[in-house]
Amino acid sequence: MSRGTGAGRPQSAVPAPRRYDRCAVWAPAASAVDVRLDGQVHALEPGDDGWWALPGVTLRPGSRCSFRLHGTAQDDPAEETWLPDPRSLLQERGVHEESTVVDPALLEREEGWAGIDLRGAVIYEMHVGTFTAGPEGRGGTFDSAIERLDELVDLGVQALEIMPVASFPGRRGWGYDGVGLYAVHEAYGGPAAMARFVAAAHRRGLGVILDVVHNHLGPAGNYLSRFGPYFTDTHHTPWGWAVNLDGPGSDQVRAFLLGSVRQWLVDMQLDGLRLDAVHELHDDSPRHLLAELSEAVAALSEETGRPLALIAESDRNDPRTVTPAAAGGLGMDMQWADDIHHGVHAWATGERQGYYADFGSGEVLRRVLTRAFEHAGTYSSFREQVWGAPVDPASPHYDAHSFVAFLQDHDQVGNRAAGDRIHASLSPAEHAAAIAPILLGPFTPMLFQGEEWAASTPFAYFTDHEPELGRLVTQGRTEEFGRMGWAEDVPDPQALSTFTGSILRWDEAGTGEHARIRDWYRTLIALRRSEPILQVADLRRTRCEVLGEDTVLLRRGGGRRPVSGEGARAGAGAASEAAMIEVLVHRGAGRAELPASSAARARLLASSAAVLSGRAADDAPLRLEGPGALVVRLTPPARG
């Protein structure tokens, strides 16, 4: 199911390689365009399709450039308006200033990197600015993040997902208000530091995924509309006008996005992209942008000889998102499955407000752990309408690894009023119970930075906007949570303390309960990677039984062996027909036991009670006294 050499997927034209030593810009409405290059002004020459170029002049890394447009609707001849390059890789002096020329070919890379299949891999979501304290505690950089990679390898992580790094105003922020879609935020070290990070990760066998935002740009420093019809009022999003994917001039807008995809995956050697909120990519053209991206990335995979992946964030609960474009889908390799998070979170915590209203029961937990979506053509009380479509466990087009499952992520933590993590309201044993079906379930698991040791720090929403915009953001967030009835004080996003208070404290990771919960995560990840049946992506070989509202039993394996060849699921051939692993998960104060039929032939693989107390698993009983999780392997049943 992964993209790799010979994947046989429909091909589209590969986005053309960019000449980083050539000066060119798309400005179809301009009557003339100037470039200021290291202080000298040059007139660009018009070309085809609204492009302007400066032939005969070679750009050198470190040079600074900016553009001035003439004859556009927004042109003001009374002022000298110089704009940064829309395809700038580095804005050393901020998003409003001139761009710095970068050639990715000169940056560090790990030669010989063969890539990684991200489907089914253990992914770790991280925010560069808060992952480490960084220089003098002012915020993390890519270079300071390298210092912690070995600890993630030891944990068992296989790929890193980096929250957006597109340049944005100020020094701190989540990255979803970026305005330089080709750039790497200078506070993180710019593209050179990112290249060092990617190379360091690859040397350790870690894949790297970048979160990119194609559905909107931030409110400050966004100059794209000065250059051309990048936005349209035909469609609208929560942030205003939509990106123009289907109107006049949209061919070049789509090419702009495809060009950024090539830069990240080929020039910067990343292994995949996570596409933010694809449901806000409004596209009525014959071929949806996502399908075009899918086909283009398949071609880039052929070109590089490495598997490359696209991961969608979508709230539509529609398996068409992960159905190949050739079969009428949108062609994404994976999609985030929020319903799995909601089902586990609401069951573990008892929360029922907002979008948790339809979640929390053992029966809902059973459904999301076996079919990914709770809302699958059923009524959503939060949306007040029928929502989603069912997942077909026998589909030849997608499988369990096509859905990303998580207990925490940046949204589900940071978009809470105080940015509190789930373990802030759970005991270590309850936390251990909640993560077990995520890491041992059939889906592609993802962790959020610090959850593996129950980090004491929150992950709050923080910004560094200019004063007027910052005031509006602070006011709006306070009012929003006030309407939702949250009792907590909402941290001021603009306050430096909101940012610094969210920086991970790595010194706590090896102490006390933090160290014990990390041992539990390490134990579960090791099992996932060592037990063949836990690598099987066939949803038909995952079942779940509700033993009581406080207790569920997840079963992996057993039943019929999948057919071999194209219909086989990942890892299925390695598991015997009778192999089965059971995961007993309990949230209550009482006792929980395996069914008698299982207990009679169960061999204990892991016990949260043993790990959290520091005892050997061999000494643990086959039952739970209070919340926690047990993992057992069942021996084959006796014959005749």
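The values are calculated or read from the model by the stated rules, or taken from the named source; none is laboratory data. A quick note: this is a predicted structure, and the numbers were derived from the prediction, not measured. Cβ: placed from backbone, ideal geometry, glycine included. Neighbour counts: every protein chain shown. Heavy atoms of the whole protein, side chains included, go into the accessibility calculation; ligands, DNA and RNA do not. Shrake-Rupley method; radii C 1.70, N 1.55, O 1.52, S 1.80 Å.
Observations
- Furthest towards positive pole of dipole, Asn244, Pro467, Phe131, structure part the chain, Cβ charges: Phe131
- For Thr237, residues with placed amide H under 5 Å, excluding near neighbours: Ala242
- Counting only protein chain heavy atoms and rolling a 1.4 Å probe, the accessible areas of Val386, Val261 rank, largest first, as Val386, Val261.
- Short-range pairs are left out: with C-alpha atoms under 8 Å and at least six residues apart, the relative contact order of segment 142-271 is 24 percent.
- With every protein chain in place, the chain: carbon and sulfur % of accessible area (1.4 Å): 49
- Overall Cα dimensions of the chain - principal axes, largest extent first, Å: 88, 54, 49
- In terms of packing, defined here as the mean over residues of other Cβ atoms within 10 angstrom, the peptides 324-334, 505-515 line up highest first as 324-334, 505-515.
- Sorted peptide list for 522-528, 54-60, criterion being average Cβ within 10 angstrom, highest first: 522-528, 54-60
- 3J(HN,Hα) along segment 616-631: 6, 4, 4, 8, 7, x, 8, 7, 10, 9, x, x, x, 8, 10, 10 Hz, from the Karplus curve 6.51 cos²θ - 1.76 cosθ + 1.60 with θ = phi - 60°, whole Hz, x for Gly and Pro.
- Solvent-accessible area per residue, Å², over the chain with all protein chains present [probe radius 1.4 Å]: 38
- Summary of packing: across the peptides 159-170, 203-214, the per-residue average of other C-beta atoms within 10 Å ranks them, highest first, as 159-170, 203-214.
- Stretching the chain fully between Arg171 and Ser361 yields a gain of 64.1 nm (0.36 nm per residue, less the alpha carbon separation).
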